[in-house]
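This report concerns only the one structure given below.
The values are calculated or read from the model by the stated rules, or taken from the named source; none is laboratory data. Bear in mind the structure is a predicted one, so any value in this text is a computation, not a measurement. Cβ coordinates were reconstructed from backbone atoms using ideal geometry, including for glycine residues, and neighbour counts include every protein chain displayed.
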Amino acid sequence: MILRGSESDDPNLVGVVRMPERRPSAARSIWRRVAIAFGALGLSVLVVYLGREGYRDVNEDGLSLLDAIYYATVSLSTTGYGDITPSSDGARLVNVLLITPLRVIFLLVLVGTTIELLTERSRQAFRVQRWRSRVRDHVVVVGYGTKGRSAVQAMLGEVDEGGEKLQFVVVETNPRRLELAAADGLVTVNGDGTRTAVLRLAAVHQARSVVVATNRDDTAVLVTLTARELNPRAKISASVRESENVHLLQQSGADTVVVSSETAGRLLGIATTNPHVVEVVEDLLTPEEGLAIAERDVDAAEVGGSPRHLADIVLGVVRGGRLYRVDDLAVDDLERGDRLLYVRKVTSIPEPQDQPKVAKG
């Protein structure tokens, strides 16, 4: 879908912006409705049959079980032939208090699909508008292929300055990838990431970071230019296939550029002679287990000391927005405001096996 002009402010964004949600399977939903319908019918049959003395039919021979089933069916479907009618006050009262509510339930089940579609669209529109009014400091991921999804997986669980978990918005045009992102619980925007209107829908102007993970280098340049124009303060990380295009991304406003083909080529080359080096690199790049590269502020007790003498394995020091290697004499004396890039060990705390689990309702 192509958006132009002020269409990004159109409140009817259902189908373009999609909020994550959990839905039961279609088969389960259908069987649940069928069960409700038959339950209402069965209860009606039971009520009519137990109070059959208060009903009269045209044959004047009393109500059998089949007559009760017939009356309940035509009553709940609002057909009402009139050949069987409640004659006593008690039977009429039961019809008012029980049969009528069951008739309403039965009809709601029959037209439930239409009602659900209408209410779902309205609910989605409300959720989209509420999300757009509240979203701040999120991460916009343009492209949800292998690179985009891996980037999201690497950032899951990370928190922002306020201690809240990062929120992600995926911009894609591929239906299969959009479904995959929705299945991962992410907000999705169906549109071309090179267009200003689409990135506005993803609230790039309020994002903290933008990850450009497109399949083409020229597309990555256009996305970066558009995102930088909308948000001069966002941290933009982009991936390119060829190193000759790195300067184009940097000139377009990318803070970090990763050359995917050359990086993979280096790892393949190293793996042929030093496979264990590649294992360590993979370990460092996997945040869920083993070792990981992290960043933290310098403690007050560490100010004035050398990063090479700390208990942590320090790889570099960030000072004034610039990264220095750990052996650079310019950062041999740590200062307040410095940030350390260090290697930390990822530990996971297993659940106690000897304690019963408490179900949360």
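Tabulated data
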| quantity | calculated |
| --- | --- |
| Residue match in the stretch 111-125 (condition: assigned to a helix (DSSP H, G or I), at pLDDT 80 or above and over 30 Å from Phe38 (Cα atoms)) | no |
| Residue in the stretch 264-280 that is touching a Lys or Arg at 6+ places or on another chain (Cβ under 8 Å), closer than 24 Å to Arg344 by Cα and surrounded by fewer than 16 Cβ atoms within 10 Å (Cβ to Cβ) present | no |
| Cβ pairs under 6 Å, 6+ apart, first in the stretch 318-342 and touching a residue at least 60 places away in the same chain (Cβ under 8 Å) and assigned by TED's automatic domain parsing to the domain that holds Asp297, second crowded, with 17+ Cβ neighbours inside 10 Å and part of a loop (DSSP other than H, G, I, E, B) | none |
| Residues satisfying the stated conditions in the stretch 306-329, i.e. surrounded by 13 or more Cβ atoms within 10 Å (Cβ to Cβ), under 39 Å from the mean Cα position of the chain (by Cα) and not in a strand (DSSP E or B) | Asp312, Val326 |
| Subset of the stretch 200-241 (residues that are charged (D, E, K, R), over 22 Å from the mean Cα position of the chain (by Cα) and not in a helix (DSSP H, G or I)) | Arg216, Arg233, Arg241 |
| Among (1) within 23 Å of Arg149 (Cβ to Cβ); (2) of a type in the set (A, V, I, L, M); (3) in contact with a Lys or Arg (Cβ under 6 Å, 6 or more places away or on another chain), the one test that Val303 misses | (1) |
| Test: residue in the stretch 285-296 that is over 24 Å from Arg266 (Cβ atoms) and not aromatic (Phe, Trp, Tyr) | yes |
| Val170 being closer than 20 Å to Leu249 by Cβ, β-branched (Val, Ile, Thr), at pLDDT 90 or above and crowded, with 24+ Cβ neighbours inside 10 Å | no |
| The listed residue being over 28 Å from Gly265 (Cβ atoms), at pLDDT 90 or above and basic (Lys, Arg), out of Arg134, Arg208 | Arg208 |
| Options Val128, Val142, Val169: the member that is among the β-branched types (Val, Ile, Thr) and in contact with a helix residue (DSSP H, G or I) (Cβ under 8 Å, 6 or more places away or on another chain) | Val142 |
| Per-region count, the stretch 128-142, residues closer than 29 Å to Arg216 by Cα, surrounded by 14 or more Cβ atoms within 10 Å (Cβ to Cβ) and over 15 Å from the mean Cα position of the chain (by Cα) | 1 |
| Selection status of Leu225, over 23 Å from Thr146 (Cβ atoms) and either touching a helix residue (DSSP H, G or I) at 6+ places or on another chain (Cβ under 6 Å) or surrounded by 22 or more Cβ atoms within 10 Å (Cβ to Cβ) (or both) | yes |
| Sole residue being at pLDDT 90 or above, over 16 Å from Asn231 (Cβ atoms), charged (D, E, K, R) and in the same structural domain as Ser252 (by TED's automatic domain parsing), chosen from Arg195, Arg177 | Arg177 |
| Criterion violated by Ala254 - all others in (1) in a loop (DSSP other than H, G, I, E, B); (2) free of Cβ contacts under 8 Å to residues at least 40 places away in the same chain satisfied | (2) |
| Qualifying residue in the stretch 54-63 (condition: at pLDDT 75 or above, part of a loop (DSSP other than H, G, I, E, B) and more than 30 Å from Ser209 (Cβ to Cβ)) | yes |
